[in-house]
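Engineer: First, the structure itself, so that you have it in front of you.
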Amino acid sequence: MKIGIDVRTLADKSPSGVSEYTRNLLGALIREGRSDEYSLFYNGWKKVDLSGFAPARIVRTGYPNKLFNYLLVPILKYPKIDRLLGCDLFFAPHLNFTALSGRAGSVLTIHDLSFLRHPEFFSRKKNYWHRLINVKNLAGRFDRLIALSENTKRDLMDLLGVEEEKIRVINSGIDPELRPLDHADPRLAETAGKYRLPQKFILTLSTIEPRKNLVNLIESFDRLIAARPEFSDCGLVIVGGTGWLAGKIFRARLKARSRDKIRFLGYVPREEKIALYNLASIFVFPSYYEGFGFPPLEAMACGTPVIASAATSLPEVVGGAGLLVDPDNQADLIGALGAVFSDGRLREWLRQAGFEQVKKFSWAVAAKKYREAFGELIERA
């Protein structure tokens, strides 16, 4: 098969969950389909190092991104990316401004529709971008849609009116480098020292934005420390780049009585992220909406007990291996935190259950399912 893949998301300065998904899936596809020919497309004046995906062919256009996104593609319908790549099938791993000739089969992954379910969680600029990209029209131009969870599949049907037959659910995998580190691993001491981390801390990792429900987490932590003196030596560590509408989240820390125990580390590189998962006492992910939700799985892979929101796709991902809480109920979250901190047997049970849950998510399995979906469209053409 001649497969063209849009890898523009790999040009992001600070890789997000979508970037990590694209990078891991692409590597798995190349390993799985050694007889396939891959062409990778991106646009921009700055070159991106894609040497790790050899022998894939790299095709780059050097237009300014604003010109590409707001004039060439939406108005002039140029360039036709599938024709530029000369592929049998074109795969877009994320929503983006895309013009296609229709000569090749086409597959689009839609990670979530949070911007349609909860536009109030996004800035005016971000909502405008989503309107410009016109997700309903974009989804209609692709032959097959991939949803990362059953929850996203339901949203595609409910919000966009997509027929069920057009959607295939394929869960993402987990990076094998996310694993428990030996206590003597120098990354642990280096990361703990660099960020002056307490011995016990709650970790959360996400973009700093309203959808992640960080105000509730900060307030719940503050109430826990006030009510349970035995947890006074515990910290809250929030990792992730600043997104949109983040001011209320930072103000919540300033209002907290335990604000000196709450740390924002910003965006951290991958190696430090692995160390942080290993160092954390508990990982908490109280998000209101997720299309899949990598961080809870990543924490489980590193042996960290997980508390997550019982909303959208997270029960699918976490399963019975974590404690699920109502994202709007602070008492629920405080109770879960207190239980995990005070019960060693519960912590160990969650740790072992997490290892078993992670086994259900494999990039090799995902790549095989994607190639099956690609092959079906090529055969039908």
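Engineer: How far apart, in nm, are two points set 7 Å out from the Cα along the Cα-to-Cβ line at ASP326 and at ASN137?
Structural biologist: The two pseudo-label positions are separated by 4.2 nm.
Engineer: Nearest 20 debye, what's the magnitude of the dipole of the chain about its Cα centre given +1 on Lys and Arg Cβ and -1 on Asp and Glu Cβ?
Structural biologist: 1320
Engineer: Would you give the gap between the C-alpha center of region 37-79 and the C-alpha center of region 172-244, rounded to a whole Å?
Structural biologist: 36
Engineer: Got the relative contact order for region 76-139 handy, in percent, Cα pairs under 8 Å and 6 or more residues apart?
Structural biologist: For region 76-139, the relative contact order is 29 percent.
Engineer: So how far apart, in nm, are the two label points at HIS130 and LEU245 if each is 7 Å from Cα heading toward Cβ?
Structural biologist: Result: 0.9 nm between the two label points.
Engineer: Next question. HN-Hα J couplings of region 361-372 from phi, Karplus 6.51/-1.76/1.60, θ = phi - 60°, integer Hz, Gly and Pro as x?
Structural biologist: 10, 9, 5, 5, 5, 4, 4, 4, 5, 5, 5, 4
Engineer: Taking 0.36 nm per residue of sequence separation and subtracting the Cα-Cα distance, how much length would be gained by fully extending the chain between VAL48 and ARG60, in nm to one decimal?
Structural biologist: Difference between extended and current length: 3.4 nm.
Engineer: While we're looking at this one, here's another question. Using a Förster distance of 22 angstrom, determine the FRET efficiency expected from the C-beta separation of SER123 and ASP12, and round it to 0.05.
Structural biologist: 0.80
Engineer: How large is the helix-only mean residue ellipticity at 222 nm for the chain, computed as the sum of -39500 (n - 2.57) over DSSP H runs with n ≥ 4, divided by its residue count, in deg cm²/dmol to the nearest 500?
Structural biologist: -12000 deg cm²/dmol
Engineer: What relative contact order, as a whole-number percentage, does region 186-358 give when Cα pairs under 8 Å and 6 or more residues apart are counted?
Structural biologist: Taking the mean separation of contacting Cα pairs over the length of region 186-358, I get 23 percent.
Engineer: Quote to one decimal, in nm, the extra length available between LEU71 and ARG259 on full extension: 0.36 nm per residue of separation minus the C-alpha distance between them.
Structural biologist: Separation in residues times 0.36 nm, less the Cα-Cα distance, equals 63.0 nm.
Engineer: A further question on this structure: Long-range amide H contacts for GLY235: which residues qualify at under 5 Å (H placed 1.01 Å from N, peptide plane, sequence gap of 5 or more or a different chain)?
Structural biologist: LYS200, PHE201, ILE202
Engineer: Could you derive backbone 3J(HN,Hα) for region 154-159 from the dihedral phi with the Karplus parameters 6.51, -1.76 and 1.60 (θ = phi - 60°), listing whole Hz in sequence and x where the residue is Gly or Pro?
Structural biologist: 4, 5, 4, 6, 6, 8
Engineer: Here's something else I'd like to know. Only sites in a loop by DSSP and with at most 15 other Cβ atoms within 10 Å count here; which GluC sites (Glu not before Pro) in region 91-169 make the cut?
Structural biologist: Here the GluC sites (Glu not before Pro) that fit, given the DSSP loop and packing criteria, are GLU163.
Engineer: If you compute P(r) over Cα pairs in 20 Å bins from 0, in percent for the structure shown, which of (i) 22, 47, 25, 5, 0; (ii) 27, 56, 16, 0; (iii) 33, 60, 7, 0 do you land on?
Structural biologist: (ii)
Engineer: On to the next question. Tally Lys and Arg at +1 and Asp and Glu at -1 over the other residues with C-beta under 14 Å from the C-beta of ALA99: what net charge comes out?
Structural biologist: +4
Engineer: Let me ask something else about it. What's the local net charge at GLY44, with K and R +1, D and E -1, over the other residues with C-beta under 15 Å away?
Structural biologist: Net of charged neighbours comes to +3.
Engineer: Right, next: What FRET efficiency comes out for ARG83 versus LYS360 if R0 is 51 angstrom and r is the Cβ-Cβ distance? Round to the nearest 0.05.
Structural biologist: 0.85
Engineer: From Cα pairs below 8 angstrom and at least 6 apart in sequence, can you work out the relative contact order of the chain, rounded to a whole percent?
Structural biologist: The normalised contact order for the chain reaches 16 percent.
Readers should treat all values here as calculations from the given coordinates under stated rules, not as data from a laboratory. The model shown is predicted, which means the values in this text are computed figures rather than measured ones. Counting neighbours? That spans all protein chains shown, and the Cβs are built from the backbone with ideal geometry, glycine included.
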